[in-house]
Amino acid sequence: MTQLNAQDALDRLKEGNQRFAEDKATHPNQDLAQLKAVATTQKPFAVVIGCSDSRVIPEILFDQGLGDLFVIRVAGNTVGNVCIGSVEYAVEHLGVRLVMVLGHQNCGVVKTAASGDDVHHHLGSLVATTTEAVRRAEGKPGDLIDNAVKENVKLLMQKLDISSPVLHKASVESGLKIVGGYYNLDSGLVEMIDY
Ligand SMILES: [Zn+2]
């Protein structure tokens with residue numbers, strides 16, 4: 001199996017998402033034959049960092065299957081050290097050339113950060129990043145939560161590049177691309193976030 005380059009990987013995600021949003025999903029690579037095919041080795045074509053939200057399931061919304069996506073899910077799609085290490089593994093050891101940070105409409109963690117309510121215990125570490133995103137979104141035209149979700153994605157893309165020499169080097173030398181997406185729960189479509 002040869003690895004897809006960043007553009008081909010992004011095209012494959014977009015095509016799968018289009019199928020899903022048009023209710024024409026083909027559910028590829030989801031049978032036992034595929035499980036057998038990837039049992040001893042995997043070559044996922046993209047990393048997706050998404051929210052734990054029960055409605056935001058990358059394999060479903062991108063219409064992919066077993067062995068296709070290397071997925072990291074944390075509430076608020078927060079990028080901490082463990083998450084960055086997971087991405088580095090996928091890039092260094094599995095040869096993945098596309099990383100998507102995926103935010104979504106009505107994200108509860110972003111809403112919690114925007115509410116200004118006190119958060120306790122470990123939840124505070126999730127909300128710390130999103131609070132900065134809310135601050136950046138304030139005063140911009142449009143919906144505060146939507147804008148904060150997008151700002152959050154941009155902050156996390158930046159964090160991946162700045163915090164990881166491995167990922168930065170792969171971007172410069174090996175064609176790694178880190179992209180941002182916003183999943184619209186009304187349409188099922190993922191919009192690209194310019195950065
Ligand atoms: Zn969320």
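Averaging sequence separations of C-alpha pairs under 8 Å and six or more residues apart, then dividing by the length of the stretch 4-98, give the relative contact order as a whole percent.
37
What whole-number distance in Å separates the alpha-carbon centres of the stretch 132-146 and the stretch 45-120?
Cα centroid to Cα centroid, the span is 21 Å.
Counting only heavy atoms of the protein chains, get the accessible area per residue of the chain (1.4 Å probe) and round it to a whole Å² value.
Value returned for the chain: 51 Å² of accessible area per residue.
What is the percent carbon and sulfur in the accessible area of the chain, measuring with a 1.4 Å probe over the protein chains and ignoring ligands?
Ligands and nucleic acids excluded, carbon and sulfur reach 51 percent.
How about Lys24: which lysines have a C-alpha closer than 18 Å to its C-alpha, ignoring those fewer than 8 places off in the same chain?
Lys14
Full extension from Gln18 to Val166: what is 0.36 nm times the residue separation minus their Cα-Cα distance, to one decimal in nm?
The Gln18-Val166 span can extend by a further 50.1 nm.
Evaluate the distance, in nm, between pseudo-label points positioned 7 Å from the Cα of Asp186 and of Arg135 along their respective Cα→Cβ axes.
3.1
Net charge within 12 Å of Leu69 by Cβ-Cβ distance, Lys/Arg positive one each and Asp/Glu negative one each, not counting Leu69 itself?
0
Which aspartates and glutamates have a Cα less than 16 Å from the Cα of Lys159, not counting those fewer than 8 places away in the same chain?
Cross-link targets: Glu88, Glu132, Glu151, Asp194.
Starting from the coordinates of the alpha-carbon atoms of the chain, obtain the Kirkwood hydrodynamic radius over all distinct pairs and give the value in Å to one decimal.
Hydrodynamic radius (Kirkwood, Cα only) of the chain equals 17.1 Å.
Just check the stretch 61-116 against the gyration tensor rule for me: Cα atoms, a ≥ b ≥ c as the square roots of the eigenvalues, rounded for a/c under 1.5, and otherwise prolate or oblate depending on whether a/b exceeds b/c.
Because a/c hits 1.5 or more and a/b fails to exceed b/c, the stretch 61-116 counts as oblate.
Before anything else, pin down the relative contact order of the chain: Cα pairs under 8 Å, at least 6 apart, normalised by residue count, whole percent.
Relative contact order here is 23 percent.
Using the Cβ atoms and a cut-off under 15 Å, what net charge is assigned to the surroundings of Gly124, where Lys and Arg are +1 and Asp and Glu are -1?
The answer is -3.
What lysines could a cross-link reach from Lys111, if we take a straight Cα to Cα line under 20 Å and drop same-chain neighbours fewer than 8 places away?
Reachable lysines: Lys140, Lys150, Lys154.
The values are calculated or read from the model by the stated rules, or taken from the named source; none is laboratory data. The structure presented is a predicted model; accordingly, all values stated were derived computationally and were not measured. Glycine also receives a Cβ, built like all others from the backbone with ideal geometry; neighbour counts cover every protein chain displayed. Areas reflect the complete protein model, heavy atoms only, side chains present, ligands, DNA and RNA absent. Shrake-Rupley method; radii C 1.70, N 1.55, O 1.52, S 1.80 Å.
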